[in-house]
Structures are given as C-alpha cells and as structure tokens.
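As structure tokens, the structure follows; a few thoughts come after it.
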Amino acid sequence: MSRIPVAVLGATGTIGQRFVSLLQDHPSFDLAVVCTSERKVGGRLGDHWRLEDVPLNPDLEAMELEAIDPKVLARRGTAAAFSALPAEVAKDLEVDAARAGVAVFSNASAHRMDADVPLLVPEVNPDHLALVERQTSFSEGGFLVTNPNCSIAGLVLTLKPLADAFDFEAVHVSTYQALSGAGYPGVPSLDIVSNVVPFIEDEEEKMHQEAKKLLGTRSDRIVPSSLDVWANCVRVPVRDGHLEAVSIPLREDVTVDEVAKTLASFRGEPQRENLPTAPKQPVLVRTERNRPQPLLDGMAGEPARARGMAATVGRIRVSDRVLRFFVLSHNTLRGGAGGSVLNAELAHRRGYLD
Ligand SMILES: NC(=O)c1ccc[n+]([C@@H]2O[C@H](COP(=O)([O-])OP(=O)(O)OC[C@H]3O[C@@H](n4cnc5c(N)ncnc54)[C@H](OP(=O)(O)O)[C@@H]3O)[C@@H](O)[C@H]2O)c1
C-alpha cells in the first residue's frame, strides 16, 4: 500500500525534529515536505539536526526547508501536516491548512480547547476523534486534531484507568519538568544551571483545563469531567522527561496492589488495534524504591517505534485513604511528537485520511 505524503511544520524545532525522527521510516506516512520559519527557508534539514539520540536518515539530509503555504501543501497532495509551531503562529496557519484540505495534527495549544477540535490521547478518549466531522473544513478533507500539554499527557494515562476503577474527585500534582519542554533554545542557561524555577507560564492552568476535556464524555459536544487536577509546576535542569509527584485523596479503601494492577493492566484502542507507535503497555509499574527517573525511564515503551511512549509509575503508596505515586513520561515523545503521530495513526485507521 502506498504511503501517505505528510509535512512537518516547524521541522527545525524541538518537537519538529522528533516528528522527523518518527516519520522518517514510518510504515504509513511518507515525509514529503519540511517547513520552517523564513529565517531558515532554503536551508537543508541536515544542517539543523540537533537530536543527539536519533540520527537523521542520510537521504533526508539534503531536504530543502520550505516556507509554510497551506495552498501549496494541498496542491502537492500533502494529506496530513504535523504542526510543531509556536501557538501564536499555529493559530491561523493551522486553520488555513485545514481549510485547504489538509489534516493537521498539532502540538500547539492554540486550538486545544476549541469545541469542535479533539484534544486527543488515543488510549484515553479515542471517541473524541469523531469531533472532526463537525469542523467546517471536514467536507473538503481537512481538519484539526490536537494533543495535550506535555505535562498532562503522561499523567492522564494514569488518571483514566484510576478514575474508571476508583472513586475520587481531585488530583494534586507537583511537576519536575525537563528543559526540552521549553523548546529550543528554551530557558537561558544562567537561569537553570544549579537551580529550579517554580513557575512555568500558564502550565498549571492548562493541566487543570485540559484534563477536564481529555476525561470528558462526548455527546453532541464534550461534557467536561468533574475531576480537578491541581498542579504546582517546576522547571528543573533535566534534558528530557517530566517527573510528577501525584497525590489523590480517595473516597474508598484501596490497596497498593489494586492500584498497581489497575495501572499495569490498562490497555486502550491503540494497543487493541496495534497502531505502529503504540506502546504494548502504556503504563509501566516499577517496584524499585528509586524509580522512575528521567535518565533511566524516559525512553520506556516497546516495540522500538514506541520508545518514549509509555508512562512509568513508581513508589505507589496508600495511607489514610490518600494514594501517592510518581509518574514519568517523555515530554517530546508521548507529550509531543509521538502523541501527534499516534493521533494520526488512529485517524488513518478510522479512514479519515483516505
Ligand atoms: N517542547 C515540548 O516538550 C512540547 C510539548 C508539547 C507541545 N509543545 C508545543 O509544540 C510547539 C513547538 O514547540 P517546540 O518546543 O518544538 O518549539 P521550538 O523548539 O521553538 O520550535 C518552533 C519551530 O517553529 C518554527 N517557527 C517559529 N516561528 C515561525 C513562523 N513565524 N513561521 C513558521 N515557522 C516558525 C521554528 O523555526 P525556526 O527554527 O526557523 O525558528 C521551529 O522550527 C509549541 O506550540 C509548544 O508549545 C512543545
């Protein structure tokens, strides 16, 4: 079967390069166009490669960086575009691309909370994907799908099975967020070396708001979940991987063993449908007393294509009806490009890219 031509918008950035790494040998998608800002247009993709853990395929090194023109994307038969653009740039460009007939899978926050735009984590709310049919561009073949903020993407993989199994109404979380979450070049080195910064603009609000949409139920619109996620967000001098300390007051007696079994046995549509970038087990549970750690667990997930797509949970404790644990997930893979690619794989499997 021929592969679907796709573009990466913002291909020189932190998320954009992850997109390229995931798409460069993808079974269903063919990386045909790489776009960037005017500053780098005309340059070669290989000259801007900064991913230290994945080499760029030699045959992609000379790919020319192009300006973003939605009409040109459509004319060249680009069926889907993966957006790694800053939110203020994404706002109009992504809508223009959808109107031109391109399916846009976005990492940007600009349209996450729009009523007709799915905010999707395929293990958690695959039924929300059908919202694309309500978008005005859908009849032309174009639509917009978003994935959530990197700090809620891993956490929600644990909240979904826990909320299905146990009774609770609030989640308290403190984050230890990696530098790559701020893009490139990101946080100035003098602000973060030997330091932690207890403020990330809009992050706590996004976690609260996006969790409600992700865990909401779909009828003719998304009815937000009543669950409240209260976050304290902190930037730490770690390269990749967001670690989060979670506390959940429970309304019933639950054992550590029940929690561990609920998390480890969780499977969603991507696992049942064997999507290429789906981890076999979306939530891994570790029993060592000092895990998870960004260096050791950031790339969790099997098979090889799903590395960085599993969340790792550790230090599960329950006392006085309060459940506590740590969860770690890779912010630019599960919380970024990998999440969007998984969304596109689900859309492809559902026939939305035909
Ligand atoms: N980093 C994460 O962990 C993460 C996780 C989830 C979501 N996100 C979201 O994903 C998006 C990308 O984040 P990032 O961390 O990859 O940022 P980044 O490293 O700053 O990359 C931004 C990309 O957008 C391009 N760009 C900037 N202005 C442009 C313009 N006016 N026209 C066209 N292209 C333009 C840049 O091109 P140049 O190289 O030419 O400047 C670069 O390729 C953001 O919306 C962010 O909030 C990030």
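Which members of region 20-35 meet the condition of being open to solvent by less than 30 Å² (accessible area, probe 1.4 Å) and touching a Gly at 6+ places or on another chain (Cβ under 9 Å)?
Matches in region 20-35: LEU22, VAL34, CYS35.
Restricting the search to region 25-48, which residues are within 16 Å of PRO276 (Cα to Cα) and out of contact with any helix residue (DSSP H, G or I) (no Cβ under 6 Å at 6 or more places or on another chain)?
ASP25, HIS26, PRO27, ASP30
Select, from GLU133, GLU204, GLU94, GLU88, the only residue that is crowded, with 20+ Cβ neighbours inside 10 Å, modelled with pLDDT of 95 or more, assigned to a helix (DSSP H, G or I) and among the charged types (D, E, K, R).
So the residue among GLU133, GLU204, GLU94, GLU88 that is crowded, with 20+ Cβ neighbours inside 10 Å, modelled with pLDDT of 95 or more, assigned to a helix (DSSP H, G or I) and among the charged types (D, E, K, R) is GLU94.
Restricting attention to region 54-70, and to residues there that are assigned to a loop (DSSP other than H, G, I, E, B) and more than 12 Å from the ligand (Cβ to nearest atom), which single residue is farthest from the chain's Cα centre (by Cα)?
Per the stated criteria, the residue is ALA62.
What are the residues in region 1-45 that are among the hydroxyl-bearing types (Ser, Thr, Tyr), in a loop (DSSP other than H, G, I, E, B) and more than 10 Å from the ligand (Cβ to nearest atom), if any?
Of everything in region 1-45, those that are among the hydroxyl-bearing types (Ser, Thr, Tyr), in a loop (DSSP other than H, G, I, E, B) and more than 10 Å from the ligand (Cβ to nearest atom) turn out to be SER2, SER28.
If a residue must be farther than 17 Å from VAL156 by Cβ and open to solvent by 30 Å² or more (accessible area, probe 1.4 Å), how many such residues does region 214-239 contain?
Total satisfying the criteria: 8.
Name the residues in region 240-261 that are part of a loop (DSSP other than H, G, I, E, B) and crowded, with 20+ Cβ neighbours inside 10 Å, would you?
ASP240, GLY241
Hey, can you tell me all the residues within region 108-130 that are open to solvent by 20 Å² or more (accessible area, probe 1.4 Å), in contact (Cβ under 8 Å) with a residue 60 or more places away in the chain and within 12 Å of the ligand (Cβ to nearest atom)?
Within region 108-130, just SER109 meets the criteria.
In region 170-196, what residues are within 12 Å of the ligand (Cβ to nearest atom) and among the hydrophobic types (A, V, I, L, M, F, W, C)?
Within region 170-196, ALA178, LEU179, ALA182, VAL187 qualify.
Could you please let me know if LEU51 is touching a helix residue (DSSP H, G or I) at 6+ places or on another chain (Cβ under 6 Å), outside any loop (DSSP other than H, G, I, E, B) and aliphatic (A, V, I, L, M)?
It is false that LEU51 is touching a helix residue (DSSP H, G or I) at 6+ places or on another chain (Cβ under 6 Å), outside any loop (DSSP other than H, G, I, E, B) and aliphatic (A, V, I, L, M).
Tell me which of these ARG291 doesn't satisfy, since it passes every other one: (1) touching a helix residue (DSSP H, G or I) at 6+ places or on another chain (Cβ under 8 Å); (2) surrounded by fewer than 19 Cβ atoms within 10 Å (Cβ to Cβ); (3) more than 30 Å from ARG251 (Cα to Cα).
Condition not satisfied by ARG291: (3).
Go through LEU159, LEU179 for me and flag whichever is within 30 Å of ALA11 (Cα to Cα), in contact with a helix residue (DSSP H, G or I) (Cβ under 9 Å, 6 or more places away or on another chain) and aliphatic (A, V, I, L, M).
Testing whether each residue is within 30 Å of ALA11 (Cα to Cα), in contact with a helix residue (DSSP H, G or I) (Cβ under 9 Å, 6 or more places away or on another chain) and aliphatic (A, V, I, L, M) leaves just LEU179.
Among the residues of region 162-170, is any part of a strand (DSSP E or B), modelled with pLDDT of 95 or more and farther than 25 Å from ARG18 by Cα?
yes
The values are calculated or read from the model by the stated rules, or taken from the named source; none is laboratory data. The shown structure was predicted, so the numbers you read here are calculated from the model rather than taken from an experiment. Cβ atoms come from the backbone with ideal geometry, glycine included; neighbour counts cover every protein chain shown. Accessible surface areas use protein heavy atoms only, side chains included; no ligands, DNA or RNA. Shrake-Rupley method; radii C 1.70, N 1.55, O 1.52, S 1.80 Å.
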